[in-house]
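The values are calculated or read from the model by the stated rules, or taken from the named source; none is laboratory data. Since the model is a prediction, treat every value here as computed from it, not as a measurement. All Cβ positions, glycine included, derive from the backbone under ideal geometry; neighbour counts span all protein chains shown. Side chains are part of the model used for accessible areas, which takes the heavy atoms of the whole protein and leaves out ligands, DNA and RNA. Shrake-Rupley method; radii C 1.70, N 1.55, O 1.52, S 1.80 Å.
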Amino acid sequence: MNLNLQTYTEHFTNPLYLESGRILEPYDITYETYGTLNEDKSNVIVVCHALTGSHHAAGIYEGESKAGWWDGLIGSNKAIDTNKYFVICSNVIGSCFGSTGPISTQHPHHEAYRYKFPVISIKDMVKAQRILFDRLDIHRVEAIIGGSMGGMQALQFAIHYPNFANKVIALATTYATQPWAIAFNKVAQEAILKDPEFQQGYYDPEVIKEQGLSGMAIGRMAGHISFLSPESMQSKFGREYKRTDGLYELFGKFQVESYLEYNGYNFTKWFDPLSYLYITKAINIYDLSRGFDSLSDALAKVNASLHLISFKNDLLFKDFEMKEIADEMAKLGKENYDYLCINSDYGHDAFLVELSKFDNYIKEVLNG
């Protein structure tokens, strides 16, 4: 596999001015690269991760059993071909995989930020990445690609840095987070905050890694329901019961219940609860039109060719939300866009799972 997988962390001492008016300084950004940068730096593709993703988008490190989250899409001869492209994926600020977040040490103190960490927005995440690319002497890229919260970042890049990318591909996302998605995030936030083990944000991260956090697990279960669809749950689980449990045992479980429990509780051992609160806040306040008179005014800034991919039966970000972006582009008389709605019963996570339904399309866009 010609991945040439590398992980780096860059340290920044200049202040990062946030959308809220607050400042973050100093800060770190951890990122991963794949492939080889060509001489004129014209073969760069930026990949943006979703809520619980990280910079580790592809490949396997020694001692790991699981490849990066978009491994089926990034690699030698894959849709994002590392024989041809130099791919960068950075961990967003606010996250817990190396970039500065609420559990990072606050300079010049020796204690974690916790609630002193400023509220960040998707626009802030993108601004920090743009500063990272400047440091790497990368001032223009071939493409920016992301799904879900990664798609939000891709769209923000297209609007706020209109000459940075030739192509922008956004999957399973929206122009502004709608009440339905905010409601699911609220369940997760409330479940975390009300868990006594959360200790009002002053928990020991090592204890959480070892024991998990029940409230966060329950919140994650709600999230998983929004990531799937009634059809995908039917085909995946049906009404199958766990073989070891009795139908008339009060705590006997359907397979779908076991699935939610396993994923919910497992998740809390590797993702930080404060990061979860801060990132879901960033998703909730995301709105491409903020700072503009309308969505149309925001989209008027787009110079890159814009490729929008939605999935039928995505419960979290409905397919018509992506179509609204395409419709606005059409009203503006722009021709530098296309919109593809993929027939899928899987639900929101189709962008992570059903790669065969869109990998050829991505390959064609990149080679076009």
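With the structure loaded, tell me whether Gly238 is loosely packed, with under 13 Cβ neighbours inside 10 Å and in a loop (DSSP other than H, G, I, E, B) or whether it fails that test. Yes.
Going by the structure shown, is Met322 open to solvent by less than 10 Å² (accessible area, probe 1.4 Å), farther than 20 Å from Trp70 by Cα, of a type outside the set (Val, Ile, Thr) and over 21 Å from the mean Cα position of the chain (by Cα)? No: the conditions fail for Met322. The residues in the range 269-305 that are open to solvent by less than 20 Å² (accessible area, probe 1.4 Å) and modelled with pLDDT under 95 can be counted, and the count is 0. The listed residues are Tyr31, Tyr8, and the only one of them that is free of Cβ contacts under 8 Å to residues at least 40 places away in the same chain and either under 28 Å from Ala67 (Cβ atoms) or within 20 Å of the chain's Cα centre (by Cα) (or both) turns out to be Tyr8.
Applying a threshold of 6 Å to beta carbon distances and a minimum spacing of six or more residues, or different chains, the list of pairs starting in the range 107-124 at a residue that is at positive phi and of a type outside the set (Ser, Thr, Tyr) and ending at one that is open to solvent by less than 10 Å² (accessible area, probe 1.4 Å) and at pLDDT 95 or above reads Arg114/Pro102; Arg114/Gly201.
Within the range 56-68, the residues that satisfy the criterion of being open to solvent by 20 Å² or more (accessible area, probe 1.4 Å) and not aromatic (Phe, Trp, Tyr) are His56, Ile60, Glu62, Gly63, Glu64, Ser65, Lys66, Ala67.
Residues are listed down the side, and each one gets a yes or a no for (1) small (Gly, Ala, Ser); (2) assigned to a strand (DSSP E or B); (3) at pLDDT 95 or above:
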position	(1), (2), (3)
Ser99	yes, no, yes
Val126	no, no, yes
Phe133	no, no, yes
Gly150	yes, no, yes
Ala158	yes, no, yes
Asn166	no, yes, yes
Ala170	yes, yes, yes
Ala183	yes, no, yes
Val187	no, no, yes
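The single condition among (1) more than 21 Å from the chain's Cα centre (by Cα); (2) under 20 Å from Leu355 (Cα atoms) that Thr36 does not satisfy is (2).
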